[in-house]
2 protein chains.
Amino acid sequence: MVQQKQRVAIIGSGNWGSAIATIAGYNTMRHKEVFEPIVNMYVYEEIINGEKLTDIINREHVNTKYLPHARLPDNVVAVPKAEEAARDATLLVFVLPHQFILNVCKSLKDAIAPGAHAISMIKGVDVANHQISIYADVIEKSLGIPCAALSGANIANEVAQGLFSETTIGYRASQRDLVDYYKKLFDTPKFRVGAIEDVSGVSLCGALKNVVAVGAGFVDGLEWGGNAKAAIMRIGLMEMRNFALEFFEGVKPETFTETSAGVADLITTCYGGRNRKCAEAFVRTRKPFHVLEAELLNGQKLQGTETTKDVIEFLESHGKVDEYPLFKTIYDICYNGLDPQQLTERL
Amino acid sequence: MVQQKQRVAIIGSGNWGSAIATIAGYNTMRHKEVFEPIVNMYVYEEIINGEKLTDIINREHVNTKYLPHARLPDNVVAVPKAEEAARDATLLVFVLPHQFILNVCKSLKDAIAPGAHAISMIKGVDVANHQISIYADVIEKSLGIPCAALSGANIANEVAQGLFSETTIGYRASQRDLVDYYKKLFDTPKFRVGAIEDVSGVSLCGALKNVVAVGAGFVDGLEWGGNAKAAIMRIGLMEMRNFALEFFEGVKPETFTETSAGVADLITTCYGGRNRKCAEAFVRTRKPFHVLEAELLNGQKLQGTETTKDVIEFLESHGKVDEYPLFKTIYDICYNGLDPQQLTERL
């Protein structure tokens, strides 16, 4: 039984990190019997109009750069060094771009408290040497502490505005006693938290939905209508689930078909996200994706095409690509000049 | 084993009936070893500019009233009497408004061939005397022949244009040997037919999705964004499935979460359909639904509000309404003056 009060640190402070900090700050105050009141938030230091971003945040309680329209609770404290933000923390929330994870984890190793544990909100998968890994596993291995995952139909600006959302926590068997902390940290009347013992499934939903969203965007560009788009989403959801079941241990099919991380986030992403938008523009303009990314995304990165490439290269190295005809078709349209009109030919 | 050639009759010729007749006409010609070449289509006679609709259809091979932009194959023959259309038919396709079913079935009783069987494309459920029935069961009882169901993400005009769709056939154990006929009658490269042994689940998907679409329309009217809409759809899908499992025999959960009839049709309906549209307008204008129906639907009927009422009255008579908080909230907003802002309070 873990009985000490939890000291929370949020590692990351972008758009989503800041939105989740508004909730975590509020809930740590609401549940004082469970949490230490101060929530440190690691902020990569930047100079904004001659002033440090951490100073702005700590004075104005607004992340003026990444979430300018939401107020952070006063107990959220911006800290410019990760190891200081995480000093003596027992509950680490990882919500930073995946390329920084390994270096940040290294710097945290000696700072975190004994018995610390983590939850990751990092999307994407790490593919290297014919291996595919979710970032919760990367963190778990790097720090030697258990790491859960949180994912769902969670457009950051809507969450920060207090509009209704659901989300899903995927946890490990070793974290069963900790789930109640995660729920207390994140659940509010407008941000409903579900939980399922499936860290891999929840993480893979967040990565693979972006592949399907590229396909959904192609349908929009082709002007094939609502039937075809729903069909691509359904087939995509089945390939997502099958991929997870085939290559990861302990995956539950219902994570994909029943949770906010699964079907709900897929819907939001296929109707509203940046991957859908760029894929639609790709069909209409035939400009390359890197050009569309620069033109349409205002500095944000396109995840769907990159994840598609990672997934297909992984499948090819395992001789399994033919079992994922939609993923492969999306890849061939993105990278091999296949005509988008061929989208459904192999299904 | 059924080895005679199948004689197909389509009972109904509205927008969806005419769209499905384009496919059935094409496929009966393509599979001559299985089907008699002529497909009779029962057309409720109307006079259009002084001429009978059946005469127009049989001369121009276009249903100028209900599907003016699609050509019917020459082997589809419009017949103004249901019993003549169904004379000696072995495979009956029911696709007419539900209020006409019982009378039409009575007229068919002596016309159909021995060993005949049916498939229903009729949406909705029949509620009377605390009982709830799918129309495939109504037809089965009335005619004493097995009746399957077909439902999916199938906007009729898109199907008639040859745009890509999927659909789902739900069949009975007694129809296992017949499924191949249904697939041959409907499957094309652009209209992909799946099949599952679950006639109740497939039928209920087609009815209950309209309840959820009313809730999705409320979210649009409230301008709560993509997270909230996906959440309502996810919760709605779970209530649909739970309702089917609780009150019908032989329902498979995956009919709801994995098929075109389930999750895919829900998506299409919550983003494009008339129930969504009127519900959005209801929130924005506070006009009653019957007024919005008249203003926005151009003579079509709103199914979602009626099905919501049927379902809630049924649940109340069984003391089970508290298990379906989303359905009940949608009902209270439609009929009891509940403020749409309360949509998520009971979830």
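The values are calculated or read from the model by the stated rules, or taken from the named source; none is laboratory data. Since this is a predicted model, take the numbers as computed values, not measurements. Positions of Cβ are backbone-derived with ideal geometry, glycine not excepted, and every protein chain shown enters the neighbour counts. Please note that ligands, DNA and RNA were not included when accessible areas were found on the heavy atoms of the full protein model with its side chains. Shrake-Rupley method; radii C 1.70, N 1.55, O 1.52, S 1.80 Å.
Please report the accessible area of A:K277 (heavy atoms, 1.4 Å probe, ligands and nucleic acids excluded) in Å², nearest 10.
A:K277 has an accessible surface of roughly 90 Å² with all protein chains in place.
When the dipole is taken about the Cα centre of the protein assembly as shown, and only Lys, Arg (+1) and Asp, Glu (-1) are charged at their Cβ, what size is it in debye, to the nearest 20?
It works out to roughly 580 debye.
Would you compute, from DSSP H runs of 4+ residues alone, the mean residue ellipticity of the protein assembly as shown at 222 nm, taking -39500 (n - 2.57) per run and dividing by the full residue count, rounded to the nearest 500?
It lands at -14500 deg cm²/dmol.
At 1.4 Å probe size, put A:E316, B:E158, A:E249 in order of accessible surface, largest to smallest.
The ranking, largest first, comes out as A:E249, A:E316, B:E158.
To the nearest 20 debye, what charge dipole does region A:1-154 have about its Cα centre, counting +1 at the Cβ of each Lys and Arg and -1 at the Cβ of each Asp and Glu?
200 debye
Taking just the alpha-carbon atoms of region B:1-114, what radius of gyration and Dmax come out, in angstrom?
13.5, 48
Given R₀ = 35 Å, what would the calculated FRET efficiency be for B:E316 paired with B:S174, taking r from the Cβ atoms and rounding to 0.05?
With a Förster radius of 35 Å, E is 0.55.
For chain A, build the charge dipole from Cβ charges (+1 Lys, Arg; -1 Asp, Glu) around the Cα centre, then report which of A:G12, A:M240, A:V159 sits farthest towards its positive end.
Of the options given, the answer is A:V159.
Quick one: putting +1 on the C-beta of Lys and Arg, -1 on the C-beta of Asp and Glu, what dipole do you get for chain B around its Cα centre, in Debye to the nearest 20?
With Lys and Arg at +1 and Asp and Glu at -1, about 560 debye.
What do you get for Rg/Rh over chain A if you use C-alpha atoms and the Kirkwood form of Rh?
On the Cα set of chain A, Rg over Rh gives 0.97.
What whole-number value in Å² describes the accessible area per residue of chain A for a 1.4 Å probe?
Value for chain A: 39 Å² per residue.
Using a 1.4 Å probe and counting only protein heavy atoms, how much accessible surface gets buried when B and A come together, both sides summed, in Å² to the nearest 100?
Interface area, both chains combined: 3000 Å², rounded to the nearest 100.
Return the subset of A:K328/B:K277; A:K123/A:K183; A:K123/A:K309; A:K229/B:K277 for which the Cα-Cα distance in this structure is over 25 Å, preserving the input order.
Pairs exceeding the cut-off: A:K328/B:K277.
For region B:18-126, run through the GluC sites (Glu not before Pro) and keep only the ones in DSSP coil with at most 13 other Cβ atoms within 10 Å of their Cβ.
Filter output for region B:18-126: B:E33, B:E45, B:E46.
Mind checking which of A:S200, A:A136, A:A85 is farthest towards the positive end of chain A's charge dipole, using Cβ charges of +1 (Lys, Arg) and -1 (Asp, Glu) about the Cα centre?
The listed residue farthest towards the positive side: A:A85.
If you average the sequence gap of Cα pairs under 8 Å that are 6 or more apart and divide by the length of region B:70-115, what percent do you get for the contact order?
RCO, region B:70-115: 48 percent.
Counting only complete DSSP H runs, which helices of chain A cover 27 Å or more along their long axis at the Cα atoms and score a mean Kyte-Doolittle of 0.0 or above?
Span-like helices in chain A: A:199-222, A:225-247.
What ranking, highest mean first, results for peptides A:110-123, B:288-301, A:12-25 when packing means the other Cβ atoms within 10 Å averaged over each residue?
Most protected by this proxy first, the peptides run A:12-25, A:110-123, B:288-301.
Which residues, if any, in region A:195-228 lose at least 20 square angstrom of accessible heavy-atom surface (probe 1.4 Å) when the other protein chains sit next to their chain rather than the chain being alone?
A:W224, A:G226, A:N227, A:A228
Kindly state, to the nearest 0.05, the FRET efficiency for A:N103 paired with A:E33, given R0 = 30 Å and r defined as their beta-carbon distance.
0.25
Equivalent-ellipsoid semi-axes (√(5λ), Cα gyration tensor) for the protein assembly as shown, whole Å, largest first?
50, 27, 23
One quarter of the convex hull surface, Cα atoms only: what value does that give for region B:1-40 in nm²?
Averaging across all directions leaves 2.9 nm² for the Cα convex hull.
Can you find, among A:Q303, A:A279, A:T268, the residue sitting farthest towards the positive end of the charge dipole of region A:252-309, where Lys and Arg contribute +1 and Asp and Glu -1 at Cβ?
A:A279
Rounded to a whole number, what % of the accessible area of region B:190-247 do carbon and sulfur atoms account for, probe 1.4 Å?
45 percent
Rounded to the nearest 0.05, what FRET efficiency is calculated for B:N336 and B:N157 with R0 set to 30 Å and r the Cβ-Cβ distance?
Given R0 = 30 Å and the Cβ-Cβ separation, E is 0.25.
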